[in-house]
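*Asks:* Before we start, here is the structure in question, set down as structure tokens.
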Amino acid sequence: MAHITIDADRCKGCYFCIKFCPKQLIVVSDKHNRVGYFPAQFAEGAEEKCTACKTCALMCPDTAIEVFK
């Protein structure tokens, strides 16, 4: 089972991870971070569907995403 972590305070809301996730497992949070952006977050219950392809981490310009297998 894969697991990703998104550092909400590093996320500036570009949402490249959301756009390029092949399984559409990342969504926009409804809470803003300390600088006012609505960060991306891993969708509830999506860990079983994630293949750990790392596309989200590769697309993140702020290196706010880590992928674990």
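*Asks:* Which members of the range 60-69 meet the condition of being within 10 Å of the chain's Cα centre (by Cα) and open to solvent by 70 Å² or more (accessible area, probe 1.4 Å)? Steps first, answer last, please.
*Replies:* Restricting attention to the range 60-69, the residues satisfying the condition of being within 10 Å of the chain's Cα centre (by Cα) are 60, 64-67.
Listed by number, the list holds a single entry, E66.
*Asks:* Kindly evaluate F20 against the criterion of being open to solvent by less than 100 Å² (accessible area, probe 1.4 Å) and either among the small types (G, A, S) or in contact with a strand residue (DSSP E or B) (Cβ under 6 Å, 6 or more places away or on another chain) (or both). Walk me through how you get there before you give the answer.
*Replies:* On the way: open to solvent by less than 100 Å² (accessible area, probe 1.4 Å): yes; either among the small types (G, A, S) or in contact with a strand residue (DSSP E or B) (Cβ under 6 Å, 6 or more places away or on another chain) (or both): no.
Against the criterion (open to solvent by less than 100 Å² (accessible area, probe 1.4 Å) and either among the small types (G, A, S) or in contact with a strand residue (DSSP E or B) (Cβ under 6 Å, 6 or more places away or on another chain) (or both)), F20 does not qualify.
*Asks:* Give the residue that is surrounded by the most Cβ atoms within 10 Å (Cβ to Cβ), with candidates limited to residues of the range 29-49 that are part of a loop (DSSP other than H, G, I, E, B) and in contact with a strand residue (DSSP E or B) (Cβ under 7 Å, 6 or more places away or on another chain). Write out each step before concluding.
*Replies:* Step one: filter the range 29-49 for residues part of a loop (DSSP other than H, G, I, E, B), giving 29-39, 43-49.
Of the ones still in play, those that are also in contact with a strand residue (DSSP E or B) (Cβ under 7 Å, 6 or more places away or on another chain) are 29, 38-39, 43, 47.
Numbers: S29: 15, F38: 15, P39: 21, A43: 16, E47: 14.
The residue in question is P39.
*Asks:* Among the candidates A52, A57, which residue alone is at pLDDT 95 or above and either assigned to a strand (DSSP E or B) or among the small types (G, A, S) (or both)?
*Replies:* Numbers: A52 fails: at pLDDT 95 or above.
Within the list A52, A57, the selection yields A57.
*Asks:* Which pairs have Cβ atoms under 8 Å, sit 6 or more apart or on different chains, and link a residue in the range 29-43 that is within 14 Å of Y15 (Cα to Cα) and free of Cβ contacts under 8 Å to residues at least 24 places away in the same chain to one that is open to solvent by less than 40 Å² (accessible area, probe 1.4 Å) and of a type in the set (V, I, T)?
*Replies:* Here the result reads A43/I26, each pair linking the range 29-43 to a residue that is open to solvent by less than 40 Å² (accessible area, probe 1.4 Å) and of a type in the set (V, I, T).
*Asks:* For residues in the range 1-25 being within 15 Å of F68 (Cβ to Cβ) and outside any loop (DSSP other than H, G, I, E, B), which is nearest to the chain's Cα centre (by Cα)? Break it down stepwise before answering.
*Replies:* Initially, the range 1-25 is screened for residues within 15 Å of F68 (Cβ to Cβ), giving 1-7, 25.
Next, only the ones that are outside any loop (DSSP other than H, G, I, E, B) stay: 3-6.
Values: H3: 10, I4: 7, T5: 7, I6: 5 Å.
Looking at residues that are within 15 Å of F68 (Cβ to Cβ) and outside any loop (DSSP other than H, G, I, E, B), I get I6.
The values are calculated or read from the model by the stated rules, or taken from the named source; none is laboratory data. Nothing here was measured: the structure is a model prediction, and the numbers come from that model. Here the Cβ is made from the backbone with ideal geometry for all residues, glycine too, and neighbour counts use every protein chain on show. The accessibility values were calculated without ligands, DNA or RNA, using every heavy atom of the protein model including side chains. Shrake-Rupley method; radii C 1.70, N 1.55, O 1.52, S 1.80 Å.
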